[in-house]
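Notes follow once the structure below has been shown.
The values are calculated or read from the model by the stated rules, or taken from the named source; none is laboratory data. Since we're looking at a predicted model, the values are computed, not measured. As a convention, Cβ positions derive from the backbone with ideal geometry for all residues, glycine included, and neighbour counts pool all protein chains shown. Each accessible area value is taken on the protein alone, full model and side chains, heavy atoms only, with ligands, DNA and RNA left out. Shrake-Rupley method; radii C 1.70, N 1.55, O 1.52, S 1.80 Å.
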Amino acid sequence: MPESEFQFRDGTLVCEDVDLSAVADRFGTPSYVYSKHAIVSRYRAYESALAGLRRRICYSVKANSNLSILDVLRAEGAGFDIVSGGELYRVLAAGGEASSVVFSGVGKTEGEIRFALQEEIHSFNCESLAEIETISRLAATLERTASIAIRVNPDVDAVTHPYISTGLREHKFGVDIATAEELYCYAAKLPAIVTEGVSCHIGSQLLTIDPLIEAADRIITLAERLRTRGLPIRHLDLGGGLGVPYRSSDPALSINALIDHIGPKIRALDLMLMLEPGRSVVAEAGVLLTRVLLTKQNGGKKFVVVDAAMNDLIRPALYQAHHEIVSVRQASGREHIQADVVGPICETGDFFARGRVIEAVEAGELLAIRTAGAYGFVLACNYNSRPRPCELLIDGSHISVAKRRESYEDLVRGESLSTIVHTDLETA
Ligand code: LLP
């Protein structure tokens, strides 16, 4: 197992110093279990890679937005990359400083922009002329100044799953690098706007560093040109995207190669380097713990039906993502079977693995779905009226309930039996 925070001890999978079968007995399943140490160590790897530079590492809240995790990262000195008012609310609720927040996203509402301006976030990563004009207007009204970067689309192929690749010209994200320069010059003249940064994000789960280097080179060149034109460019934001090894054959990528390449240029230009890592900070820190409900055979196929489902972890269904699945208790000499590991939801897409060779498990046994700390719980929903799992944060031998399991009452909270009737709207 590559991550040291999840290991087998006396034949049982532990997270740090906690036995995961005891966790399942106490807190039930399905449950997300996170290792605090894993999160901290991965964040610190970024800190040390960027040590010689002016820097701000803005954890990408979308990867896992639980308050406990934001709190751990805040205590480490992280800033935050947000994409909604809700994420800003979470950062503030976790005690984060608004001044450490960068607001990304292709479609920000006026309400969200106003909220961010009132809280005085660090900067906005803007993706269109229309957005910059709106920010200018709202900032002027609120008598605030907005620091902006334009998210440039460097037209680099990120070589990842098409749903999470964002850096090509045909994608909805960012502004074409060819037109970005003119947009910067226009934006610089707008009221209440300071054009202080250049940003990009070319995609997620990148398993080679080369596209990031290529994108960085292109936006550094743009930053230099903008400075020549008199714009006060002070920071460069290279987004997130570093992949993690979901399979043991995947490379374990490090940010060091990128920093070795661009560090001298960044230093020479006295730019602050910003990064927005999400997945690479939290993915390997989490597992989804699930219990086998039953096994069955249909035709020639074996199925292991577990109590977690696609509503809890949608990555396999949505991106054909691979997650390692291991038995929490290892038994020596156990047979292996080839099976589909599926959830109970009424959808054929409700699977965690197909045709996977796993240990022959029986009803009642526990499985851990690995590398589930990023884009796991945050993408969970209540489909089939399934309460969402609890989230547990392990620190040594301590377990804290980062989010309690939802109840049936939670499922219907905010709903009504048609008792609230509005008669004051115009009728067609
Ligand atoms: N910055 C921006 C502007 C982003 O759009 C993203 C991710 C990040 C940073 C963080 O990227 P990371 O370091 O996590 O790769 N749900 C998908 C991933 C979607 C990523 C969206 N943007 C999945 O489960 O693979």
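Charging the Cβ of each Asp and Glu at -1 and of each Lys and Arg at +1, and nothing else, the dipole of the chain about its Cα centre rounds to 360 debye. Shown are 179, 419, whose ranking by accessible area with a 1.4 Å probe and every protein chain present, most to least, is 419, 179. With semi-axes defined as the square roots of five times the eigenvalues of the C-alpha gyration tensor, the equivalent ellipsoid of the chain measures 40, 26, 20 Å, largest first. Short-range pairs are left out: with C-alpha atoms under 8 Å and at least six residues apart, the relative contact order of the chain is 18 percent. By the equivalent-ellipsoid construction on the alpha carbon gyration tensor, region 290-395 comes out with semi-axes of 22, 17, 13 Å, ordered largest to smallest. The residues of region 223-308 have, on average, 40 Å² of accessible surface per residue, using a 1.4 Å probe with all protein chains present.
Dipole of region 105-275 computed with +1 at Lys/Arg Cβ and -1 at Asp/Glu Cβ about the Cα centre; of 184, 125, 275, farthest Cα towards the positive end is 184.
Of the residues 295, 228, 29, ranked by 1.4 Å probe accessible area with the largest first, the sequence reads 228, 295, 29.
Between 65, 228, 262, the Cα set farthest toward the positive side of the dipole of the chain (charges on each charged residue's Cβ, about the Cα centre) is that of 262. Compute the long axis of helix 110-119 from its Cα atoms, compare it with the longest principal axis of the Cα atoms of the chain, and write down the angle in degrees, 0 to 90, nearest 10. So the helix axis and the longest Cα principal axis differ by about 80 degrees. Counting only Cβ charges, +1 for Lys and Arg and -1 for Asp and Glu, the dipole size of region 105-275 around its Cα centre is about 240 debye.
Summarising the amide proton neighbourhood of residue 345: residues at separation of 5 or more, or on other chains, whose placed amide H is nearer than 5 Å comprise 310.
Value of Rg to Rh for region 1-126, rounded to two decimals, is 1.07; Kirkwood radius and Rg both from alpha-carbon coordinates.
Within the full protein context, the accessible area of residue 383 is estimated at about 100 Å² for a probe radius of 1.4 Å. How far, in degrees from 0 to 90, does helix 210-228 lean away from the longest principal axis of the Cα atoms of the chain, to the nearest 10? Helix 210-228 and the main axis of the chain meet at about 20 degrees. Of the residues 37, 261, the one with the largest accessible area comes first in the ranking 37, 261, computed with a 1.4 Å probe on protein heavy atoms. For the chain, adding -39500 (n - 2.57) for each run of n ≥ 4 DSSP H residues and dividing by the number of residues yields -8500 deg cm²/dmol at 222 nm.
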